[in-house]
Amino acid sequence: MRKNIVAGNWKMNTTLPEGLALAKGLDEALKGKTPNCDVIIGTPFTHLASVAAAIDTNKIGVAAENCADKEKGAYTGEVSAAMVASTGAKYVILGHSERRAYYHETPEILKTKVELALANGLTPIFCIGEVLEEREAGKHFEVVDAQIKGSLFDLSAEDFAKIVLAYEPVWAIGTGKTATSDQAEEIHAHIRATLAAKYGQEIADNCTILYGGSCNASNAKELFAKPNVDGGLIGGASLAVDKFMPIIEAFN
Ligand code: G3P
């Protein structure tokens, strides 16, 4: 059956010393504990190798927040999936709405990134989600379907089975406005049905679908109690151990 996961996405926050202290603090807080979910931290590229070396990566997985859509070569400033994998990171967050909106990442670009991530042994945490106008127009179901189909549905069943999805309604990101647990459950169940129609019920049932968007210690328990919400992708509340730990413990 599918895994529960609580993943942090630090975004463009923390210097290297600050990030190392945060990662070590989380590692320390998890000592002697066996959470009922996998724990992942998504850090800036500059932190990946040092963070992976400083923590018990059997307990805390490390994720990049992006990777290039090219394999290697003359792409100044880019970081390839192979480079990410060589740091000890095992995951890569792809398709975050900030990357789609600010860096113009299209479904086609993301499709290539997903393929390169998988080819290099990384697990993509693939983000989908609608903006407010789309939600208000009742288009959120078709928006997430198009995002999934446009970037993931050319994958073989074997490769698709390696994907983690994160539903992040853009109107809930960093706004303090969370989707209700019923709204999250409704769309997560819809997403799972979309996956089942393409890859069959077993693969759909085994796919972890995270919720992201102002998830915190006070709403995590209710969100994670929903049958199709398998954990969270956490932004702001992943930047302090005492805010992140209660979200991890929401599964206990
Ligand atoms: O990827 C996590 C994210 O976008 C949610 O951010 O700060 O609303 O938890 P935040």
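The values are calculated or read from the model by the stated rules, or taken from the named source; none is laboratory data. None of these values were measured; they are calculated from a predicted model. In this analysis, Cβ positions are derived from the backbone assuming ideal geometry, glycine residues included, and neighbour counts consider all displayed protein chains.
Side notes on the structure shown:
Conditions tested, residue by residue: (1) of a type in the set (D, E, K, R); (2) out of contact with any Cys (no Cβ under 6 Å at 6 or more places or on another chain); (3) part of a helix (DSSP H, G or I).
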residue	(1), (2), (3)
Val92	no, no, no
Val114	no, yes, yes
Phe126	no, yes, no
Val143	no, yes, yes
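- Any hit, segment 194-209, residues being among the polar types (S, T, N, Q), more than 23 Å from Lys177 (Cβ to Cβ) and free of Cβ contacts under 8 Å to residues at least 60 places away in the same chain: yes
- Segment 168-179 residues that are touching a residue at least 12 places away in the same chain (Cβ under 8 Å) and over 17 Å from Gly8 (Cα atoms), paired with ones that are hydrophobic (A, V, I, L, M, F, W, C) and near the ligand (Cβ under 8 Å from one of its atoms) (beta carbon under 6 Å, 6 or more apart): Ala179/Ala172
- Consider segment 1-17 and keep the residues that are within 17 Å of the chain's Cα centre (by Cα) and either in a loop (DSSP other than H, G, I, E, B) or of a type in the set (Asp, Glu) (or both). The one that is surrounded by the most Cβ atoms within 10 Å (Cβ to Cβ) is Trp10.
- Checking each residue in segment 174-218 for being among the aliphatic types (A, V, I, L, M), within 16 Å of the ligand (Cβ to nearest atom) and farther than 16 Å from Leu152 by Cβ picks out Ala179, Ala184, Ile187, Ala217.
- Of everything listed in (1) away from the ligand (no atom under 16 Å from the Cβ); (2) modelled with pLDDT of 95 or more; (3) more than 20 Å from Val164 (Cβ to Cβ), the single unmet condition for Glu136 is (2).
- Segment 46-66 residues that are in contact (Cβ under 8 Å) with a residue 12 or more places away in the chain, paired with ones that are aromatic (Phe, Trp, Tyr) (beta carbon under 6 Å, 6 or more apart): Gly61/Tyr91; Ala63/Tyr91
- Taken over segment 96-126, the criterion of being surrounded by 17 or more Cβ atoms within 10 Å (Cβ to Cβ) and more than 16 Å from Leu155 (Cα to Cα) is satisfied by His96, Ser97, Glu98, Arg99, Arg100, Glu105.
- Enumeration of residues in segment 185-205 that are surrounded by 14 or more Cβ atoms within 10 Å (Cβ to Cβ) and of a type in the set (S, T, N, Q): Thr194
- Condition check for Lys24: buried (at least 16 other Cβ atoms within 10 Å of the Cβ) and of a type in the set (Lys, Arg): no
- Every pair of residues 6+ apart whose Cβ atoms lie under 6 Å, when the first sits in segment 238-249 and is touching a residue at least 60 places away in the same chain (Cβ under 8 Å) while the second is among the polar types (S, T, N, Q): Leu239/Asn13; Phe244/Ser238
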